[in-house]
1. Quick check on this structure: which one of 334, 289, 293, 326 is under 21 Å from the mean Cα position of the chain (by Cα), outside any helix (DSSP H, G or I) and either at pLDDT 90 or above or surrounded by fewer than 23 Cβ atoms within 10 Å (Cβ to Cβ) (or both)?
2. Which residue is nearest to residue 286 (Cα to Cα), if the candidates are limited to the range 95-119 and must be free of Cβ contacts under 8 Å to residues at least 12 places away in the same chain and touching a helix residue (DSSP H, G or I) at 6+ places or on another chain (Cβ under 9 Å)?
3. If the requirement is being within 30 Å of residue 102 (Cα to Cα), touching a residue at least 24 places away in the same chain (Cβ under 8 Å) and in a helix (DSSP H, G or I), which of these qualifies: 203, 243, 225, 213?
4. Report yes if some residue within the range 201-208 is touching a helix residue (DSSP H, G or I) at 6+ places or on another chain (Cβ under 6 Å), at pLDDT below 85, surrounded by fewer than 22 Cβ atoms within 10 Å (Cβ to Cβ) and farther than 28 Å from residue 284 by Cβ; otherwise report no.
5. Looking only at helices (runs of 4 or more DSSP H) that lie completely in the range 1-120, which have at least 1 residues being modelled with pLDDT under 90, over 16 Å from the mean Cα position of the chain (by Cα) and closer than 20 Å to residue 221 by Cα?
6. Give the range 143-182 a look and list any residue that's over 30 Å from residue 39 (Cβ atoms) and without any contact (Cβ under 8 Å) to a residue 40 or more places away in the chain, or say none.
7. Condition first: more than 21 Å from the chain's Cα centre (by Cα) and not in a helix (DSSP H, G or I). Now tell me which residues in the range 136-192 satisfy that.
């Protein structure tokens with residue numbers, strides 16, 4: 001069943017995907033590295049993200065038909081090395097999806113259900129992501145188009161009310177000695193922006209306007225980083241960098257302290273519940289990208305052809321294995337808070353930066369040198 005979607009739809013998917021890791025990683029991660037100057041670390045990431053958008057644009061210009069990044073990787077490296085690279089990327093997508101299952105469950109427990117078991121949330125969200133991966137990719141894209149305005153609208157509303165809590169002495173003064181930390185802190189924003197884009201381009205059926213692709217990617221990068229800059233400024237300005245570093249969920253702590261229209265308060269449960277949709281999009285996209293990579297490794301066609309859920313032909317059994325792998329990794333990884341903190345701030349961002357800034361550009365360079373793309 002052939003289906004194609006345009007860049008506007010894809011960027012809506014990337015925006016919803018972007019929000020979940022951005023709220024988890026950026027405020028506390030940048031505060032730890034950049035201190036008081038953490039609120040400036042987000043705009044510092046913008047030129048580097050624009051350069052990355054240009055790399056993605058150059059890579060995608062080499063497409064044939066409706067190819068995505070997975071097919072380009074296979075052509076760039078050849079069958080043997082290409083399959084090894086896709087296998088590694090598929091494992092990375094499953095690891096990232098399992099980690100987001102775990103961290104999403106911890107967020108729900110710490111904000112709404114303090115005595116609940118994380119395994120229940122990991123299992124339920126993992127199964128929802130699996131069923132989404134068993135269906136057509138267009139359903140995921142359409143869901144993102146519906147969810148994106150609601151999630152962004154709530155985020156902008158919260159950030160607007162949070163402006164009154166910002167204290168100037170938490171943001172200023174700054175010195176030149178904080179510039180190094182500011183540059184290091186920008187890596188968090190850069191990594192979140194990179195993975196939101198490159199994972200979306202692993203989908204099938206991409207229909208892209210080559211002439212406007214780079215411009216639209218740059219506009220997307222500017223818009224999401226402006227929103228993240230606003231978020232970071234509100235949180236650092238309200239709590240200060242030291243308290244922000246110690247908070248596991250600084251955005252939802254900010255929501256908990258807000259009073260809307262002088263009467264409505266304690267709405268964090270509603271906001272957290274809304275962010276479940278962002279987690280669902282992220283986890284489903286991870287499973288879609290992983291199964292697509294693994295089915296190409298096995299030489300199977302990965303397009304959805306209207307198969308039913310329990311049909312296992314054309315390599316669809318790989319989707320079930322991917323769902324099982326993500327759920328199991330979410331159940332057993334990072335059981336202790338200290339371990340989860342290490343995964344959240346060091347291990348997962350580190351692997352992501354290696355894939356984004358070394359592996360994918362290296363594959364592109366090899367493909368160009370060998371004149372395969």
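1. 334
2. 117
3. That would be 225, the only listed residue that is within 30 Å of residue 102 (Cα to Cα), touching a residue at least 24 places away in the same chain (Cβ under 8 Å) and in a helix (DSSP H, G or I).
4. No, there is no match, as no residue in the range 201-208 is touching a helix residue (DSSP H, G or I) at 6+ places or on another chain (Cβ under 6 Å), at pLDDT below 85, surrounded by fewer than 22 Cβ atoms within 10 Å (Cβ to Cβ) and farther than 28 Å from residue 284 by Cβ.
5. 7-34, 41-60
6. Selection gives 146 alone.
7. Matches in the range 136-192: 166, 167, 171, 172, 173, 174, 175.
Rundown of residues vs (1) in contact (Cβ under 8 Å) with a residue 12 or more places away in the chain; (2) surrounded by fewer than 19 Cβ atoms within 10 Å (Cβ to Cβ), yes/no style:
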residue: 12; (1), (2): yes, no
residue: 17; (1), (2): yes, no
residue: 22; (1), (2): yes, no
residue: 30; (1), (2): yes, no
residue: 38; (1), (2): yes, no
residue: 43; (1), (2): yes, yes
residue: 51; (1), (2): no, yes
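The values are calculated or read from the model by the stated rules, or taken from the named source; none is laboratory data. Only a predicted model underlies this, so the values are computations on that prediction, with no experimental measurement involved. We place every Cβ from the backbone using ideal geometry, glycine too, and count neighbours over all the protein chains shown.
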